[in-house]
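The values are calculated or read from the model by the stated rules, or taken from the named source; none is laboratory data. Owing to the predicted nature of the structure, the values given are computational and were not obtained by experimental measurement. FYI the Cβ positions are ideal-geometry reconstructions off the backbone, even for glycines, and counts take in every protein chain you see.
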Amino acid sequence: MTDVLQQIVPLLYLTSAVLFILGLKGLTKVRSARRGNAIASLAMLIAVVATLLDLGLVDYRWILAGLVVGGAIGGVAALRVEMTAMPEMVALFNGSGGGASALVALAILWLEVIEPGHSGTAASALGGSNALTAFLSILIGSVTLSGSIVAFLKLSGRLRGRPGFLSARNVINSGTTLVALGIGFYMTFGAADPAAVATWAVALTAVGLLLGILLVWPIGGADMPVVISLLNSLSGVAAAATGFVLDNNVLIISGALVGASGLILTQIMCKAMNRTLGHVLFADFGDDDTDTGDNEYTNVRSFSAEEAAMMLEDASSVVVVPGYGLAVAQAQHVVREMADILTAQGAKVSYGIHPVAGRMPGHMNVLLAEADVPYEQLLEMDRINPDFKTTDVVLVVGANDVVNPAAESQPSSPIYGMPILKVGESRSVIVIKRSLSPGYAGIKNGLFEHDNAMMIFGDAKQVLQDLVKELKELA
Amino acid sequence: MMGVLLVGLYVFVLACFVGFEIITKIPPTLHTPLMSGANAISGITLVGALWAARSGEAKISSILGALAIACATINVVGGFLVTDRMLGMFGSRKDK
């Protein structure tokens, strides 16, 4: 029986790895995405069953306790979460993934080095490469855990979203990284008795947690898409490192897939902001030698919802450009309601989505999908930009920097070079905004002074509700 | 010993390439479900956590293992469920 199992378990792991890849492949198309997710969850089930078979008859008390508690928390969170809160949710999941990897590596250290009272280094007990990857797993996992918690606090508004200016933060961060690496190497190859290994492992975890906080703390709200993608990637790398500790290929493969996924998203987000990853992590935004210019506005025309509704009534093509303000105001449903009225009147309505609109990759798409907006109407920046010239009305809802023409026209602007949605090329632009206060980049938006731009000041949801009311009255 | 590590590295590097190939093809519309799905997949550390918690005794390693199981299960259950919920919304207009 055990012989047969020993043959079957590796095959089950192989099946699981293949299904993970097929599941991800399903995510490349909207139509097959849901099935892809189901395939990936089947892969997970197979991997868990294989592991339980491999373990054989053991004491299941701790295992059951962990499964029940984790399953309950995860299940309730997944079913309760609002779509507007997805960035926070993903941040927390990144954190618990990283935390799980660090905990596994710590548990292995205790199980095989510290508790048996092994006299010698961790490297001599586990083997050099396994001990080294255990160290990496603890470090990356704890950085991911604390970094994600800080990201969560910022995203949910419990911590200031604006970048904090820690002077000399680069010196502090590189110093902390060096200390963490030093402790890790000493824990692995230096400490030669169980008590010492335990002490250094705790120290490594603590410094890792501190490093995660220091790294994410100074990063501001609009850079969150980059940070959240990077933490996503790290949670995968931590899982792969755990795979090396256990010599388990399913962990290595799945971890690599997640690591690659997060890294690609990080790249896409950086490109969409015309910034490098290093700049996001290590430079304070706007602290380069750039000119933020004059923040005074002239020639701003403020309109009422009634006037805007009349313009929309006449329009035969309308593009909605949503931003983070849409998510904050939870205005996705009323946007859809307005679009439905316009469509019923014969107008063509689509949505122009900037890659970094919102606080995480794809944030706007999920919000609008929740409001039943057909995904065919959600157009990427490169697709929609040539269309603006022939668009009657662009409605900018809670977006600012991603439509700022300074990115194209002012080489001295901190956002110069960032690809933007060229809404100014359309016949008229309606901007719904709380006030004239600058966006994340802290600079003036020349669009608001354009002759074809009109501002409606107010909460996005309230203004849109007024628009819907006016449109209904006009009809 | 080095043999196992080397095989592991081969697997890791090749899997990274597979990941890059597939994920660059995922459209921006699906980037949020991709992240939450990736969250669920990174819950694969559950496999390692099960190993770590296999002894029923009240030892530090078992407690760490049980905590790891809880964290990883949050990812697995929560990640797959919330991804499914989101993807259900993407399809809803079509099904009507």
Selection count where residues are facing chain A (nearest Cβ under 7 Å) and among the hydroxyl-bearing types (Ser, Thr, Tyr), scope the range B:8-18: 0
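Restricting attention to the range A:75-95, and to residues there that are more than 8 Å from every other protein chain (Cβ to nearest Cβ) and not hydrophobic (A, V, I, L, M, F, W, C), which single residue is surrounded by the fewest Cβ atoms within 10 Å (Cβ to Cβ)? Reasoning before the result, please.
Of the range A:75-95, the ones more than 8 Å from every other protein chain (Cβ to nearest Cβ) are A:76, A:80, A:82, A:84-85, A:87-88, A:91-92, A:95.
Cutting the leftovers down to not hydrophobic (A, V, I, L, M, F, W, C) gives us A:80, A:82, A:84, A:87-88, A:95.
Details: A:80: 10, A:82: 12, A:84: 20, A:87: 26, A:88: 22, A:95: 27.
Once the filter is applied, the top-ranked residue is A:80.
Picking from A:383, A:359, which residue would you name as being over 22 Å from residue A:468 (Cβ atoms) and not in a helix (DSSP H, G or I)?
The unique qualifying residue is A:359.
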Residue in the range A:396-414 that is buried (at least 20 other Cβ atoms within 10 Å of the Cβ), assigned to a strand (DSSP E or B) and at pLDDT 85 or above present: yes
Scope the range B:56-89; condition crowded, with 24+ Cβ neighbours inside 10 Å, farther than 19 Å from residue A:102 by Cα and either among the hydroxyl-bearing types (Ser, Thr, Tyr) or at pLDDT below 85 (or both); matching residues: B:83
Filtered residue count, the range A:187-206, keeping only those that are surrounded by fewer than 20 Cβ atoms within 10 Å (Cβ to Cβ) and assigned to a helix (DSSP H, G or I): 9
Any hit, the range A:96-110, residues being facing chain B (nearest Cβ under 10 Å) and surrounded by fewer than 17 Cβ atoms within 10 Å (Cβ to Cβ): no
Which numbered condition residue A:421 fails, given (1) touching a residue at least 24 places away in the same chain (Cβ under 8 Å); (2) within 14 Å of chain B (Cβ to nearest Cβ); (3) in a helix (DSSP H, G or I): (3)
Total residues in the range A:327-348, condition of a type in the set (A, V, I, L, M, F, W, C), within 14 Å of another protein chain (Cβ to nearest Cβ) and in contact with a helix residue (DSSP H, G or I) (Cβ under 6 Å, 6 or more places away or on another chain): 1
Close pairs from the range B:45-57: first more than 7 Å from every other protein chain (Cβ to nearest Cβ), partner part of a helix (DSSP H, G or I) and of a type in the set (Ser, Thr, Tyr), Cβ under 8 Å, at least 6 apart: none
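Looking only at residues that are over 23 Å from residue A:367 (Cβ atoms) and surrounded by fewer than 24 Cβ atoms within 10 Å (Cβ to Cβ) in the range B:19-38, which one is farthest from the other protein chains (Cβ to nearest Cβ)? Let's see the steps before the verdict.
From the range B:19-38, those over 23 Å from residue A:367 (Cβ atoms) are B:19-22, B:24-25; that's our starting set.
Applying the additional criterion that residues be surrounded by fewer than 24 Cβ atoms within 10 Å (Cβ to Cβ) yields B:20-22, B:24-25.
Numbers: B:20: 5, B:21: 9, B:22: 5, B:24: 6, B:25: 4 Å.
The residue in question is B:21.
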Residue in the range A:420-436 that is within 18 Å of residue A:318 (Cα to Cα) and surrounded by fewer than 16 Cβ atoms within 10 Å (Cβ to Cβ) present: yes
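Yes/no per residue for (1) part of a helix (DSSP H, G or I); (2) out of contact with any helix residue (DSSP H, G or I) (no Cβ under 8 Å at 6 or more places or on another chain); (3) closer than 20 Å to residue B:59 by Cβ; (4) assigned by TED's automatic domain parsing to the domain that holds residue A:181:
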| position | (1), (2), (3), (4) |
| --- | --- |
| A:54 | yes, no, no, no |
| A:64 | yes, yes, yes, no |
| A:91 | yes, no, no, yes |
| A:94 | yes, no, no, yes |
| A:100 | yes, no, yes, yes |
| A:111 | yes, no, yes, yes |
| A:120 | no, yes, no, yes |
| A:133 | yes, no, no, yes |
Within the range A:45-74, tally of residues that are more than 7 Å from chain B (Cβ to nearest Cβ), free of Cβ contacts under 8 Å to residues at least 12 places away in the same chain and among the small types (Gly, Ala, Ser): 1
Boolean, residue A:117 is more than 8 Å from chain B (Cβ to nearest Cβ) and modelled with pLDDT under 90: yes
Counted residues, the range A:253-279 - those being more than 9 Å from chain B (Cβ to nearest Cβ), in contact with a helix residue (DSSP H, G or I) (Cβ under 6 Å, 6 or more places away or on another chain), among the aliphatic types (A, V, I, L, M) and surrounded by 21 or more Cβ atoms within 10 Å (Cβ to Cβ): 1
